[in-house]
Amino acid sequence: MIMKAGTNFSFLKDIDKNLYEIITEAENLYRGEFFEQSITQTRRFGEHICRNVLGQHRTTEITFDEMLATLKDKTGGSEQEKEFINDLYFLKKQGNSSVHSGTVKKDAIVALECLQRAFEAGLNYAVYNKNAQNSLLTLNYDIDLLVTGKKSKKTLQEKYLEEKQKNTTTKFKPKKTSSKTTKKSKKQVSSMKSISQKSGVSLFWIIVGIFLIITLCTVLFLFI
């Protein structure tokens, strides 16, 4: 029996089954590395949310762009509403770029951001339009669940602390000193033995004395 992969959008299953199926398909496309198709699917998700929120206020609007413009005019200007509109505009823009692109761009980063934006829009839709519990707003998008289909056992805080610890321990390490040890120069030991002085007249001076006497005798002989 093949187990169905988990999804970040399980909160939508009992609120709006159509939206749930659209966005879970976007996650499946991402897992299969069909990133452009995933982006297009998140755009479709955003358009359906926009249509649902407009509800009876929708008149002649047909395109996603027209519905978004009307929805923007109807909002009260709260931060939640601004974020919701911004997320939908992002999904529309990226979805249009993906559909009209002449080349296939395997842009996993953009596709991931689209899923995260769709997640935030889905939470706002569930809480503020379908009166779901406010506790849903504390949920965070689980990338591990997206990639593996299995819910991460670690909380967002634990992941942050783990990543922070990893970054602090992988800083530049000091270079290892060369294993070759330089040979220490041997101490130059010089022992000087004192030579005892010989007593008496040295042979050198005796010879000099003899030659001096001979020279004196010769001089005296010449002048006598």
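The values are calculated or read from the model by the stated rules, or taken from the named source; none is laboratory data. Only a predicted model underlies this, so the values are computations on that prediction, with no experimental measurement involved. FYI the Cβ positions are ideal-geometry reconstructions off the backbone, even for glycines, and counts take in every protein chain you see. Only protein heavy atoms, including side chains, enter the accessible area calculation; ligands, DNA and RNA are left aside. Shrake-Rupley method; radii C 1.70, N 1.55, O 1.52, S 1.80 Å.
Could you sort Arg31, Arg58 by their accessible area in this structure, using a 1.4 Å probe and putting the largest first?
Most to least solvent-accessible, the answer reads Arg58, Arg31.
With all protein chains present and a 1.4 Å probe, how do Ser38, Ser97 order by accessible area, largest first?
From most accessible down to least: Ser97, Ser38.
Going by amide H atoms built from the backbone, whose H comes under 5 Å of the H on Ala132, apart from near neighbours?
It is Val127, by chain and number.
Give Lys13/Lys150; Lys13/Lys74; Lys72/Lys92; Lys106/Lys166 a once-over and call out the pairs whose C-alpha atoms are over 23 Å from each other.
Lys13/Lys74; Lys106/Lys166
Along each principal axis of its Cα atoms, how long is segment 1-88 end to end? Whole angstroms, biggest number first, please.
Projected onto the principal axes, the Cα atoms of segment 1-88 cover 48, 27, 25 Å.
Is segment 77-150 rounded, prolate or oblate when judged by the Cα gyration tensor, a ≥ b ≥ c being the square roots of its eigenvalues, rounded requiring a/c under 1.5 and prolate requiring a/b larger than b/c?
oblate
Return the aspartates and glutamates within reach of Lys82: Cα separation strictly under 19 angstrom, same-chain partners fewer than 8 residues apart disregarded; answer none if there are no such residues.
Candidates past the 8-residue exclusion: Glu47, Asp65, Glu66, Asp73, Glu113, Glu120.
Compute the distance from the alpha-carbon center of segment 87-148 to that of segment 7-61, in whole Å.
If we compute the Cα centre of each part, the gap is 9 Å.
Return the distance in nm (one decimal) between the two label points of a simple spin-label model at Ile210 and Leu54, each offset 7 Å from Cα along Cα→Cβ.
The modelled label-to-label distance comes out at 14.0 nm.
Name the residue farthest towards the positive end of the dipole of segment 54-138 from the options Ser98, Thr60, Asn86, assuming +1 on Cβ of Lys and Arg, -1 on Cβ of Asp and Glu, about the Cα centre.
Toward the positive end, the furthest listed residue is Ser98.
For segment 1-150, what does the alpha-carbon gyration tensor say about shape, rounded, prolate or oblate, given a ≥ b ≥ c as the root eigenvalues, a/c under 1.5 as rounded, and a/b over b/c as prolate?
Taking the square roots of the gyration eigenvalues as a ≥ b ≥ c, segment 1-150 is oblate.
Among rounded, prolate and oblate, which fits segment 54-103 when a ≥ b ≥ c are the square roots of the eigenvalues of its C-alpha gyration tensor, a/c under 1.5 means rounded, and a/b larger than b/c means prolate?
The shape class here is oblate.
Just by accessible area at a 1.4 angstrom probe, what is the order of Lys17, Lys82 from largest to smallest?
Ranking Lys17, Lys82 by accessible area, largest first, yields Lys17, Lys82.
May I ask you to evaluate 6.51 cos²θ - 1.76 cosθ + 1.60, the Karplus curve with θ = phi - 60°, for each residue of segment 112-117 and list the ³J(HN,Hα) values in order in whole Hz, giving x for glycine and proline?
My calculation for segment 112-117 gives 5, 5, 4, 5, 5, 5 Hz in order.
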